[in-house]
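So the structure is just underneath, and the comments pick up after that.
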Amino acid sequence: MTKPLYWIPTLFLPNHWQPFYDPLAKMFLAAHQGRGHIVSPQPLGVQVPSLALTQPQSGYVYHVNADRDQLPNRDRLGVTDVVVSCPTGIEDTSLARLNALYRYSTVRRITLTRDAPRHPLLALSRALDTILQSFPHISVGIDVETFGWDAAAHLAQQFPDLRLEGIDDNQLWQLMQLGQVLGRTVWLDDFSHHPKALPPLPQFKISDPPPIDVHRIPFSSRFR
Amino acid sequence: MTSQTFPLEPAPITGVAKITTTRHCWMQCRFCDFNHFTPVLFDTKITSCLPLADAESRLATMPTSIGLIKIRGGLSFREPFTYFRSLVRAVADGFNGPIQAFSPIEVNQWHRVEQRPVRELLAELKWAGATRLGPGGSEILVQSWRDRLSPYRIESAAWENLAQLGWETGLPPSAMILAGKWLSAADIKSHLRILAANSWHHIEVKVFRAVALQPELEPMHILALCRLVSETRETLNDTPIYVNEPPGGLSHDARILLTQAGADGFYTTLEAIEP
Ligand code: SF4
């Protein structure tokens with residue numbers, strides 16, 4: 001059986017807390033049939049299925065950007081979602097950061113980003129191969145926005161286990177089309193695992209040739 | 001799960017100047033932008049083709065990175081063959097590189113409208129400075145699709161015979177496949193089998209772009225495009241394959257993927273000269 005593709009709509013709430021974030025999160029979930037991942041600076045006042053915080057707090061998943069965030073006191077990390085620039089070699093600094101996080105926390109999932117000039121497709125393909133083999137128990141994903149759809153499509157074909165992330169609502173059609181070429185169904189999901197299958201794209205039939213009657217002008221029935 | 005190797009750089013990219021004589025065409029191919037219906041009646045208002053003076057002034061300011069000039073057009077009943085011949089002549093005067101001028105479809109039209117022998121028309125194009133024939137008319141050679149998408153075209157067998165006459169005159173013909181999502185694996189196979197029966201200067205894989213008001217005609221996905229290119233490479237193993245990019249071009253990654261699939265180069269439009 002082929003593996004499905006997952007669409008995980010994600011809402012990023014900015015660091016400065018605003019009271020309207022609660023209703024915003026509610027609206028976001030309502031717009032995605034109760035599914036969707038939320039990354040927030042602090043716990044929300046409403047019940048959400050899948051949440052990660054940008055500050056470490058006990059009992060919550062810590063969403064950490066390994067390239068940007070200052071790592072706090074190491075024993076407070078707990079479970080983490082790591083966003084890191086794709087390491088392409090043993091010397092890579094992002095690999096060192098990923099290793100540090102791996103040692104001091106329970107890494108739940110890794111999201112790789114691409115730094116276009118530094119990451120040709122060849123390097124990415126090899127790096128992903130290594131990463132997927134080194135962390136078989138961690139869910140690895142790529143950020144489609146920085147990878148670009150062409151690279152993401154190829155990598156999704158090459159590595160069926162790869163998660164595609166950072167796909168917003170108006171790019172869903174690209175994911176649906178990818179599912180169509182690869183023959184994989186697309187499911188709407190978040191990290192609480194209650195996926196829902198998305199209906200396939202509509203297909204339009206190409207009509208039969210227009211009958212030609214040379215005794216009438218214009219002779220194509222399409223323009224009468 | 002094995003890692004694949006990719007070229008670090010894509011195959012060479014040729015900058016193309018595309019000269020369009022007119023955006024009106026009576027042939028109504030459904031995948032084409034030029035298929036606005038313009039009935040040929042006594043009071044039809046159609047703007048005339050690209051004036052020669054315009055073409056000359058635009059060509060004078062053309063960027064130097066142009067490696068190929070393509071001259072094409074919708075089919076017009078208004079201009080005589082001599083107009084097209086003069087246009088090629090004007091282009092050839094200011095450009096030393098290859099000029100891909102018109103296609104068997106236009107040659108057939110001149111042949112039918114002006115009642116002149118095909119070989120004579122081809123020889124005059126060659127004299128005017130054309131170096132090869134374009135692939136127009138071979139978008140899809142499978143007859144059932146031809147009937148659906150371009151019913152007023154000459155049949156594919158006639159198209160091929162006409163194109164092959166180019167070799168005699170010294171205008172090497174080229175052919176293409178229009179990469180649309182509607183093609184099944186079997187369609188692609190039979191199209192390529194028809195192409196493999198003849199010899200071509202090069203094959204263009206044209207990346208289809210959606211046409212207004214026709215949601216059923218969809219472009220091909222990049223992964224399907226790679227499969228198409230590698231299948232073309234397998235079937236026509238010593239003919240160069242060029243990927244004809246849509247307006248805006250392909251991404252660097254797409255070019256690398258297609259190069260790996262077997263493309264020998266890319267045609268990207270740098271300059272469009274239109275009426
Ligand atoms: S003959 Fe060529 S220009 Fe005319 S409608 Fe068909 S594809 Fe377009």
Below 12 angstrom from the Cβ of B:TYR267, what's the summed charge of the other residues (Lys, Arg +1; Asp, Glu -1)?
+1
Computed on alpha carbon atoms, what radius of gyration and Dmax characterise the stretch A:68-192, expressed in Å?
14.9, 46
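Once a ≥ b ≥ c are taken as the square roots of the eigenvalues of the Cα gyration tensor of the stretch A:1-96, is the result rounded (a/c under 1.5), prolate (a/b larger than b/c) or oblate (a/b not larger than b/c)?
Oblate is the answer for the stretch A:1-96, as a/c is 1.5 or above yet b/c matches or exceeds a/b.
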Determine the percent antiparallel among the DSSP beta bridges restricted to chain B, to the nearest 5.
5
Name the long-range amide H neighbours of A:THR106: under 5 Å, sequence gap of 5 or more, or other chain; modelled H, no Pro or chain starts.
A:GLY78, A:VAL79, A:THR80
How many angstrom lie between the C-alpha centres of the stretch A:122-149 and the stretch B:188-263?
28
Bin width 10 Å, origin at 0, all Cα-Cα pairs of the protein assembly as shown: what percent of pairs per bin?
3, 17, 23, 20, 15, 12, 7, 2, 0
Student exercise, the protein assembly as shown dipole from Lys, Arg, Asp, Glu Cβ charges, in Debye to nearest 20:
620
For chain B, what percent of Cα pairs sit more than 26 Å apart?
42
Using Stokes-Einstein with the Kirkwood hydrodynamic radius over Cα pairs, what translational diffusion coefficient do you get for the stretch B:1-156 at 4 °C and a viscosity of 1.567 mPa s, in µm²/s rounded to a whole number?
75
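Ballpark to the nearest 100 Å², how much total accessible area do A and B bury together, probe 1.4 Å?
3100
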Only bridges with both residues in the stretch B:158-275 count here: give the DSSP antiparallel percent, nearest 5.
10
Can you list residues whose amide H is under 5 Å from A:VAL186's amide H, if they're 5+ apart or on another chain and H is modeled 1.01 Å from N?
A:LEU5, A:LEU198
Accessible-area composition of the stretch B:166-275, carbon plus sulfur, in percent [1.4 Å probe]
53
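Taking the DSSP beta bridges in the protein assembly as shown as the whole, what percent of them are antiparallel, to the nearest 5?
Bridges in the protein assembly as shown that DSSP calls antiparallel: roughly 5 percent.
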Aspartates and glutamates with Cα under 18 Å of A:LYS196, excluding same-chain neighbours fewer than 8 positions away
A:GLU165, A:ASP168, A:ASP169
Hey, can you grab everything whose amide H is under 5 Å from the amide H of A:ARG163? Only 5+ residues off in sequence or another chain; H modelled, so Pro and N-termini drop out.
A:VAL140, A:GLY141, A:ILE142
Ranking B:CYS226, A:ALA153, B:LEU75 by how far each Cα lies towards the positive end of the charge dipole of the protein assembly as shown (+1 on Lys and Arg Cβ, -1 on Asp and Glu Cβ), the top one is B:LEU75
Where Lys and Arg each count +1 and Asp and Glu each count -1, what net charge lies around B:ASP253 among other residues with Cβ under 11 Å from its Cβ?
+1
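The values are calculated or read from the model by the stated rules, or taken from the named source; none is laboratory data. None of the values given here were measured: they were computed from a predicted structure. Because the Cβ atoms are built from the backbone with ideal geometry, glycine has one as well, and the counts that use them run over all protein chains shown. Surface accessibility is based on the protein's heavy atoms, side chains included, excluding ligands, DNA and RNA. Shrake-Rupley method; radii C 1.70, N 1.55, O 1.52, S 1.80 Å.
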